[in-house]
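Quick notes on the structure that follows.
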Amino acid sequence: MKWPSATALVAVTAITIPLGAQRPAAPGTSGGIGPRGAPAQGSLPSFTMPTVARVRELANVADLLVEKHRKLGLDDAATDSLKRIAVTINERNAPHLAVYDSMRTRMRTAMAAGGGPGGPGAGGPGGGPGAGGPGAGEAGSPGGTRGERASPMRDAMRTLQTAREADIPVVLALVPADKQEEAKKLIAEQQEDLEKSLSPRGPGGAGGAGGRPRP
């Protein structure tokens, strides 16, 4: 089975785009700019970054199967093994989750101060300096500083995702053969929840009216 790709990384990059670039200006506003250059209310995105506890939960496939042990018909020995694996996963993920939590706090502080999640002066989206733009992350370019500042979170999420994918065959080995497909479905749904939690919410966002509903 081909597991979902690490699209959460794309969402994390999107989170670092300045607030004013996340949504078109509301009708009647001037380019989405309010008093003193602050983004107008209609131009603000409606998204929140998940708590570190939520990311920890969604990054741990062993914990998921422990929670669903009755549904999966796991015996006591398999459940106990999964509990031990879950503890090991949380210990391994702890430093990367600490990076995520630190960056999340900084972004929330910047947002509260009226700047974008990447901080005042961050580069714009698309072809402009900043995320995805020419010169992003390059020394001496307008987008370089912001790209470098955003990279710790991207690196942390990439590490969590890679480790999670490596954990999948380990935990599936403890699931009975007749419950394998059900376990794989639960794990895929957990991945989808992780990606949705890291995506902008609102019209067109994964968590809003334009998001893809789960079958």
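With respect to being open to solvent by less than 20 Å² (accessible area, probe 1.4 Å), closer than 21 Å to residue 51 by Cα and either at pLDDT below 60 or outside any helix (DSSP H, G or I) (or both), residue 150 fits the description. Take the conditions (1) modelled with pLDDT of 95 or more; (2) within 30 Å of residue 151 (Cα to Cα); residue 78 misses just one of them, which is (2).
Checking the stated criteria, residue 193 turns out not to satisfy the condition of being of a type in the set (D, E, K, R) and modelled with pLDDT of 95 or more. Here the condition is being surrounded by fewer than 17 Cβ atoms within 10 Å (Cβ to Cβ), at pLDDT below 95, over 30 Å from residue 92 (Cβ atoms) and touching a Pro at 6+ places or on another chain (Cβ under 7 Å); of 135, 140, it holds for 135 alone.
Taking the criterion of being in contact with a helix residue (DSSP H, G or I) (Cβ under 9 Å, 6 or more places away or on another chain) and open to solvent by 40 Å² or more (accessible area, probe 1.4 Å), the residues of segment 166-179 that qualify are 170, 174, 176. In segment 153-167, the residues that are more than 18 Å from residue 62 (Cα to Cα) form Cβ pairs under 9 Å with partners that are outside any helix (DSSP H, G or I) and polar (S, T, N, Q), at six or more places apart or across chains, as follows: 153/16; 154/16. Can you find even one residue in segment 36-45 that is in a helix (DSSP H, G or I) and either closer than 20 Å to residue 168 by Cβ or modelled with pLDDT of 95 or more (or both)? No, segment 36-45 contains no residue that is in a helix (DSSP H, G or I) and either closer than 20 Å to residue 168 by Cβ or modelled with pLDDT of 95 or more (or both).
Can you confirm whether segment 65-86 contains a residue that is among the β-branched types (Val, Ile, Thr), closer than 24 Å to residue 185 by Cβ and surrounded by fewer than 18 Cβ atoms within 10 Å (Cβ to Cβ)? Yes.
The values are calculated or read from the model by the stated rules, or taken from the named source; none is laboratory data. Model, not experiment: these values are computed from the prediction. Note that we place each Cβ from the backbone using ideal geometry, even for glycine, and neighbour counts take in every protein chain shown. Ligands, DNA and RNA are excluded from the accessible area calculation, which covers all protein heavy atoms including side chains. Shrake-Rupley method; radii C 1.70, N 1.55, O 1.52, S 1.80 Å.
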